[in-house]
Amino acid sequence: MMIVLSAETGETLALLDDSGYLTDVRTAIAGCIAARHLAPEAVECIGIVGAGMQARMQLQYLRHARDCNRVRVWARRREQSAAYRNELSDSGFDVQIAETLQDLCENSNLIVTTTAARGPLVRGEWIRPGTHLTAMGSDAPGKQELDPALFARAGVCAVDSLSQCIDHGESHYALAGGHLAETGLVELGDIIAGRARGRSDEGEITIADLTGVAVQDIQIAKAVWQALKD
């Protein structure tokens, strides 16, 4: 649950017994924001790696960033992909199950990874020019979804928190492997504020490394509390 406190008095204002739902929503919103600023304008197919709750919510919220209903999904177990296809097809998406992860990557130009993998799943050579990738899964030490060498090919490498992603995000592995310098990372907030550039070339690869930051929880809790008051 989330506890909303007054910053002035410390008083408890609300207990939001959401069972993690608001965290899922704010994570999906972050993926939407990243796509809005970094994905190509013409998205031909969305690739979703994973088939859990976040994989579902990421796709639903991407509707607010790009107009594309063609989807490829890949999960370790085919029955998970089939359940995902059945559920999201009812929401108006044209979902196909990718036979391999390479097939998904080579046929999508907006890819979202939503797994708890502890080693790179997405290989750099599978990513075609002009693709945007949002990596959601590396939110704790030891987790990894992307080939670190992919960062060397990217025109924009965005992170939600520089210090956090250097410590345990996908960027950590790219820096450790010498594929990227710390100066090659830019915070997504700076792109949103216009202090750093987002995508400037439809042919460049862009990456958003999102580990989750506290301001997301603060803002969604604030929004729900204000709605309850109104």
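The values are calculated or read from the model by the stated rules, or taken from the named source; none is laboratory data. This one's a predicted model, so the numbers in the text were calculated from it and none came from an experiment. Virtual Cβ from ideal backbone geometry, glycine too; neighbours counted across all protein chains shown.
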Expected output for the stretch 203-216 (first residue closer than 19 Å to residue 167 by Cα, partner polar (S, T, N, Q) and assigned to a strand (DSSP E or B), Cβ below 7 Å, 6+ apart or cross-chain) is 208/134; 210/134
Are there any pairs, at least 6 apart or on different chains, whose C-beta atoms fall under 9 Å, with the first in the stretch 151-180 and in contact (Cβ under 8 Å) with a residue 60 or more places away in the chain and the second of a type in the set (Asp, Glu) and in a loop (DSSP other than H, G, I, E, B), and if so, which?
156/204
How many residues of the stretch 26-44 are farther than 20 Å from residue 186 by Cα and either among the charged types (D, E, K, R) or surrounded by fewer than 18 Cβ atoms within 10 Å (Cβ to Cβ) (or both)? The answer is 4
When every residue in the stretch 81-113 that is touching a helix residue (DSSP H, G or I) at 6+ places or on another chain (Cβ under 8 Å) and of a type in the set (Gly, Ala, Ser) is compared, the one surrounded by the most Cβ atoms within 10 Å (Cβ to Cβ) is 98
Residue 116 vs. criteria surrounded by fewer than 15 Cβ atoms within 10 Å (Cβ to Cβ), under 14 Å from the mean Cα position of the chain (by Cα) and among the small types (Gly, Ala, Ser)
yes
Do we have any residue at all in the stretch 204-213 that's among the small types (Gly, Ala, Ser) and more than 21 Å from residue 53 (Cα to Cα)?
no
Determine, yes or no, whether residue 108 is assigned to a loop (DSSP other than H, G, I, E, B), under 16 Å from the mean Cα position of the chain (by Cα) and at pLDDT 95 or above.
yes
With the requirement that a residue be surrounded by 18 or more Cβ atoms within 10 Å (Cβ to Cβ) and of a type in the set (Gly, Ala, Ser), what does the stretch 156-193 give you?
158, 161, 169, 171, 174
With the checklist (1) farther than 19 Å from residue 211 by Cα; (2) touching a Lys or Arg at 6+ places or on another chain (Cβ under 9 Å) in hand, flag the one item residue 117 doesn't pass.
(1)
Enumerated helices (runs of 4 or more DSSP H) restricted to the stretch 1-94, each holding at least 2 residues that are without any contact (Cβ under 8 Å) to a residue 12 or more places away in the chain and of a type in the set (A, V, I, L, M)
none
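For every residue, the table says whether it meets (1) of a type in the set (Val, Ile, Thr); (2) closer than 16 Å to residue 155 by Cα.
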site: 100; (1), (2): yes, no
site: 110; (1), (2): no, yes
site: 116; (1), (2): no, no
site: 120; (1), (2): no, no
site: 126; (1), (2): no, no
site: 143; (1), (2): no, no
Enumeration of residues in the stretch 126-143 that are surrounded by 22 or more Cβ atoms within 10 Å (Cβ to Cβ) and either under 27 Å from residue 214 (Cβ atoms) or of a type in the set (D, E, K, R) (or both):
132, 133, 134, 135, 136, 137, 138
(1) among the charged types (D, E, K, R); (2) crowded, with 17+ Cβ neighbours inside 10 Å; (3) farther than 23 Å from residue 114 by Cα all hold for residue 209 apart from (3)
Return yes when residue 163 is hydroxyl-bearing (Ser, Thr, Tyr), out of contact with any Lys or Arg (no Cβ under 6 Å at 6 or more places or on another chain) and at pLDDT 95 or above and no when it is not.
yes
Hits in the stretch 186-210 (condition: in contact with a Lys or Arg (Cβ under 9 Å, 6 or more places away or on another chain) and of a type in the set (Ser, Thr, Tyr))
206
